[in-house]
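Following: one structure in structure tokens, then a few remarks.
Throughout, read-outs are computed from the coordinates displayed, never taken from laboratory work. The shown structure was predicted, so the numbers you read here are calculated from the model rather than taken from an experiment. Using ideal geometry, Cβ is built from the backbone for each residue, glycine included, and neighbour counts are taken over all protein chains shown.
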Ligand code: PLP
């Protein structure tokens with residue numbers, strides 16, 4: 001590290017290199033020797049690094065923070081629960097059903113649900129359940145979506161190394177070594193919003209498709225949204241072919257609205273996965289949906305296996321209960337949407353001032369910014385946006401105290417506490433950051 005203003009960060013990274021691969025606990029936290037961040041504390045919509053620089057945070061740990069860091073409404077409920085009841089017992093508690101009932105109230109298409117500890121685990125559970133119910137193997141995923149770190153989901157459309165003028169589709173590549181080729185045997189990949197691609201895959205292997213797995217709004221690709229017609233097409237194709245529609249709402253659930261993306265579209269999945277916003281940063285996840293599908297979860301050779309030592313622990317469920325109650329009973333989500341709209345307005349003014357054509361994508365609570373003339377409709381279109389300029393702009397924002405992922409595929413996440421952001425400061429800072437990026 002060669003940043004003299006960050007001596008504590010430099011020391012921590014040096015020490016970490018002797019303890020962990022890449023010097024970090026999660027590979028995505030390594031931003032190079034000069035930019036890796038160590039966080040000392042957080043509050044509201046801000047984080048403070050090891051060298052006492054405070055950032056207004058629009059990354060929000062990739063989305064879980066929906067109210068704000070260290071929200072006392074949530075933290076006190078968790079402390080109360082674990083100090084009076086303990087953290088786990090390996091048995092059921094009254095909270096299990098209480099939280100499910102809250103989710104059912106907010107998301108009326110959920111009839112039965114199971115908990116998990118991470119988005120990865122929730123997706124794995126939903127996919128296994130869909131396969132168990134249908135007796136089929138194949139799953140269809142959408143390019144630019146991300147569904148967690150288990151082997152089968154570790155294949156991606158390799159748009160980074162794709163020549164978008166070649167007229168050919170991007171290659172499907174693994175996320176790295178250690179992922180067996182066999183894990184892609186049952187995977188089919190389609191570009192978002194392409195009717196042609198979905199017709200083609202159903203014509204070819206329709207009888208063996210257990211499920212389509214889709215982020216209805218691509219939270220891992222600049223918040224590019226499914227069109228209403230496309231999502232309806234998926235629903236219709238699933239109905240006609242005995243396939244289940246799984247909506248991965250790990251990022252959108254309880255964020256883009258009480259009922260997630262499905263409520264915005266008015267189109268329901270058979271199974272849905274949740275995580276992130278449902279616990280305001282506490283590790284909790286879930287999958288659920290149609291009762292007849294979920295009831296395939298049971299013991300025996302005809303049942304789908306699901307469980308886990310830490311499933312539905314007291315920390316997770318007390319956090320979920322408190323967070324969902326706030327989101328359900330207060331106007332927090334309206335506040336978040338308003339803050340997101342105001343912030344986009346400010347940024348738009350700055351981009352226009354500097355002559356940068358730009359488009360926002362997705363809902364106000366998690367919007368993508370794309371430098372270019374049109375809103376991308378899928379991951380392949382995203383390649384035509386000026387993502388390099390975006391990264392330079394983002395790195396300058398970080399330098400001046402605005403934290404975000406320097407990759408335009410990651411949306412700007414808004415939490416309730418962003419209502420306190422000084423918009424004039426944001427405008428000045430964005431202005432400075434963009435001016436430096438375009439010289
Ligand atoms: N699904 C989606 C849509 C995600 O964005 C993510 C993570 O970002 C996952 C699943 C995996 O979640 P986790 O990191 O909690 O395993």
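How do 58, 195 line up, fewest other C-beta atoms within 10 Å first?
By the 10 Å Cβ count, ascending: 195, 58.
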With the 8 Å Cα cutoff and a minimum separation of six or more residues, the range 1-157 has a relative contact order in percent of 11 percent
Distance from the Cα centre of the range 349-410 to that of the range 54-107, in angstrom? 31 Å
Quick check: convex hull of the Cα atoms in the range 265-337, volume per residue, rounded to a whole Å³? 114 Å³
As a footprinting exposure proxy, order 92, 183, 417 by other Cβ within 10 Å, with the fewest listed first. 92, 183, 417
For the range 205-259, using Cα atoms only, the Rg and Dmax in Å read 12.2, 36
Restricting attention to the alpha-carbon atoms of the range 72-329, what are Rg (one decimal) and Dmax (integer), both in Å? 18.5, 62
Principal axis box of the range 117-193, alpha-carbon based, largest edge first, Å: 41, 26, 22
With a Förster radius of 56 Å, plug the Cβ-Cβ distance of residue 17 and residue 354 into 1/(1 + (r/R0)^6) and report the FRET value to the nearest 0.05. 0.90
Over the chain, with a Gaussian network built from C-alpha contacts below 10 Å, which listed residue (74, 398, 267) shows the highest mean-square fluctuation? 267
Divide by every residue of the chain the summed helix terms, -39500 (n - 2.57) for each DSSP H run of at least 4, and state the resulting mean residue ellipticity at 222 nm, rounded to the nearest 500 deg cm²/dmol. -11500 deg cm²/dmol
Sequence of 186, 418 once ranked by neighbouring C-beta atoms within 10 Å, starting from the fewest: 186, 418
What translational diffusion coefficient, in µm²/s and rounded to a whole number, does the Stokes-Einstein relation yield for the range 37-120 at 20 °C and a viscosity of 1.002 mPa s, taking the hydrodynamic radius as the Kirkwood radius over Cα pairs? 136 µm²/s
The range 60-178 - convex hull of the alpha-carbon atoms, volume per residue in Å³: 208 Å³
Among beta bridges assigned by DSSP with both residues in the range 72-329, the antiparallel ones amount in percent, to the nearest 5, to 45 percent
Coarse-grained scattering of the range 328-439 at q = 0.15, 0.21 Å⁻¹, given as base-10 log I(q)/I(0) from a Debye sum over alpha-carbon atoms: -0.62, -1.20
q = 0.15, 0.17, 0.28, 0.31 Å⁻¹, the range 171-223: log10 I(q)/I(0) [Debye, one scatterer per Cα]: -0.56, -0.71, -1.21, -1.24
Considering only the range 264-417, what is the antiparallel percent among its DSSP beta bridges, to the nearest 5? 90 percent
In the calculated pair distance distribution of the range 146-247, what percentage of Cα-Cα distances lie above 25 Å? 21 percent
Whole-percent pair-distance distribution, where bins are 10 Å wide, for the alpha carbons of the chain: 4, 20, 31, 28, 14, 3, 0
Over the chain, what is the percentage of antiparallel beta bridges among all DSSP beta bridges, to the nearest 5? 60 percent
Semi-axes of the equivalent ellipsoid for the range 205-338, Cα gyration tensor, largest first, Å: 26, 23, 11
List the extent of the Cα atoms of the range 80-130 along each of their three principal axes, largest first, rounded to whole Å. 37, 24, 16
